[in-house]
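Beneath this line is the structure, given in structure tokens, with notes to follow.
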């Protein structure tokens, strides 16, 4: 695939830019509120159980990703939103394996062109290092398969492909089971297209 934003060798811009408006869909704000509510619920649950429950090594987290989609064939970059989830297992205090699934939580429209993340999934190895009981830094190395939708005027196109993916981040343990994290990840970087973003997430260790 030459480019997410086009078909064949031509960019997906037969529907020429008509406006400079940037539309911010209401669903982005709704999904952010859902993430905040989930974070509060996890904190409350973890606080009640952290002192008595033994950990199994399994964990999961969910967060909101501020995605950036850039194609060299198109002048503006697009910033749709996504909800991203990880499930993982600690093989060692310094190494985990993870599976990722993400879906669009809103689109971005610029100059008459709309871009939305349809989905992304991947598998990762996660090296990590804990400075103390509260603070941890980590990286991610793996592969992700991503799909986006591009529309404008009466034309609609989708593009999908896989790529090496990587990321870096930090986590803070609120207690033994509940943690918050922030990370940057590059999900796709191939040919002329790049998809990356920063994610704020909350997680729970089982």
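Throughout, read-outs are computed from the coordinates displayed, never taken from laboratory work. This is a predicted model, so every value here is computed, not measured. Neighbour counts run over all protein chains shown; Cβ positions are idealised from the backbone, glycine included.
When 192, 151, 146 are arranged by Cβ crowding within 10 Å, least crowded first, meaning fewest neighbours, the order is 192, 151, 146. Placing a label point 7 Å from the Cα of residue 118 along the Cα-to-Cβ direction, no residue of region 63-98 has its backbone N under 13 Å from that point.
Each of the peptides 117-124, 161-168 was scored by the mean count of other Cβ atoms within 10 Å over its residues; in descending order, highest first, they stand as 117-124, 161-168.
Just report the Cα centroid separation between region 179-195 and region 49-101, whole Å. Region 179-195 and region 49-101 have Cα centres separated by 11 Å.
Ordering 56, 65 from the fewest to the most neighbouring beta carbons within 10 Å gives 56, 65.
Each residue, residue 89 and residue 158, gets one label point 7 Å from its Cα in the Cβ direction; the gap between the two is 3.1 nm.
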